[in-house]
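**Student:** Dumping the structure here so I can ask a few things about it.
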Amino acid sequence: MPLRQIPLFPLQVVVFPRTPLPLHIFEERYKEMVGAAIRDRTEFGVVLAKDDGVVNTGCTVAVQEKLHEYPDGRMDILTRGGTRFEITAIHEDKSWLEAEVEYFDDEEAEPAPEEMRLRAVGLFEALRAIASPEGRGEPDLSDRQLSFQIAQFLPDLDFLDVLLRLRSETARLKELNRFLAGYIPRQRSIERMKGLASTNGHGGAREGL
């Protein structure tokens, strides 16, 4: 696919295609960048920021709605993930980063096995039964890339970055199901400990609460 140059927004987040991402824009450079994206109806790329720089894989987002604009120009916006990309070169001639990127999608034509999809949905429902995951709306469980819809609710950024890079829904579901099978019991233990802490280990409420 041909290369394209797009603005980059490094964040402590991984966004996937067709998933919502609310953002609060407060830095001057990003107010300008997002303002241009809204005006021109263009996309920008969200990439995971780490201590040593940004990762080389990300996903475009488009602004769906400006939720609120403050007197000083800050804004709350709702964006939605578009297309995954790999960075081939970074340009620093503006106040924000821009990059030449190459878009990509899954390489397989066949859908993932139905039993893997059902397993993922079951695990997600088990997770939601423990405590409602903090997310960005109800997932579309009919999405052909179901793994992205479920993974948006998980907090492990390194794991999410791995999923974003994989070009096979079958491979992603395999990794996601393995991750959830270990993650859910840990979350059950955490919630159980929270419950014990709130009752001081007994049946009643703690003093002072």
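**Student:** Which members of the range 19-60 meet the condition of being buried (at least 17 other Cβ atoms within 10 Å of the Cβ) and assigned to a loop (DSSP other than H, G, I, E, B)?
**Tutor:** The answer is 19, 43.
**Student:** Looking at the range 1-18, which of its residues are assigned to a loop (DSSP other than H, G, I, E, B) and β-branched (Val, Ile, Thr)?
**Tutor:** Residues satisfying the conditions are 13, 14, 15.
**Student:** Name, by its number, the condition in (1) surrounded by 15 or more Cβ atoms within 10 Å (Cβ to Cβ); (2) assigned to a loop (DSSP other than H, G, I, E, B) that does not hold for residue 101.
**Tutor:** Among (1) surrounded by 15 or more Cβ atoms within 10 Å (Cβ to Cβ); (2) assigned to a loop (DSSP other than H, G, I, E, B), residue 101 violates only (2).
**Student:** Sticking with this structure for a sec: Out of all the residues in the range 140-185, which are in a loop (DSSP other than H, G, I, E, B), small (Gly, Ala, Ser) and either surrounded by 14 or more Cβ atoms within 10 Å (Cβ to Cβ) or touching a strand residue (DSSP E or B) at 6+ places or on another chain (Cβ under 8 Å) (or both)? Reasoning before the result, please.
**Tutor:** Let us first name the residues in the range 140-185 that are in a loop (DSSP other than H, G, I, E, B), namely 140-145, 152-156, 166-168.
Imposing the further condition that a residue be small (Gly, Ala, Ser) reduces the set to 142, 168.
168, the sole residue that qualifies.
**Student:** Can you tell me which residue is farthest from residue 77 (Cα to Cα) among those in the range 2-59 that are of a type in the set (D, E, K, R) and modelled with pLDDT under 95?
**Tutor:** First pass over the range 2-59, keeping only residues of a type in the set (D, E, K, R): 4, 18, 27-29, 31-32, 39-41, 43, 50-52.
From the residues that got through so far, the ones that are modelled with pLDDT under 95 too are 4, 50-52.
Values: 4: 24, 50: 23, 51: 26, 52: 28 Å.
Once the filter is applied, the top-ranked residue is 52.
**Student:** Could you list, ordered by first residue, the pairs with Cβ atoms under 8 Å in which the first is in the range 136-152 and over 19 Å from residue 110 (Cα atoms) and at pLDDT below 95 and the second is among the hydrophobic types (A, V, I, L, M, F, W, C) and assigned to a helix (DSSP H, G or I), at least 6 apart or interchain?
**Tutor:** 139/124; 139/150
**Student:** Of everything in the range 39-68, what is closer than 13 Å to residue 13 by Cα and of a type in the set (Lys, Arg)? Give them in sequence order.
**Tutor:** Once the filter is applied, which keeps residues that are closer than 13 Å to residue 13 by Cα and of a type in the set (Lys, Arg), the range 39-68 yields only 50.
The values are calculated or read from the model by the stated rules, or taken from the named source; none is laboratory data. Because the structure is predicted, anything quoted here is derived from the model rather than measured. Heads up, the Cβs are rebuilt from the backbone with ideal geometry, glycines too, and the neighbour counts pull from every protein chain shown.
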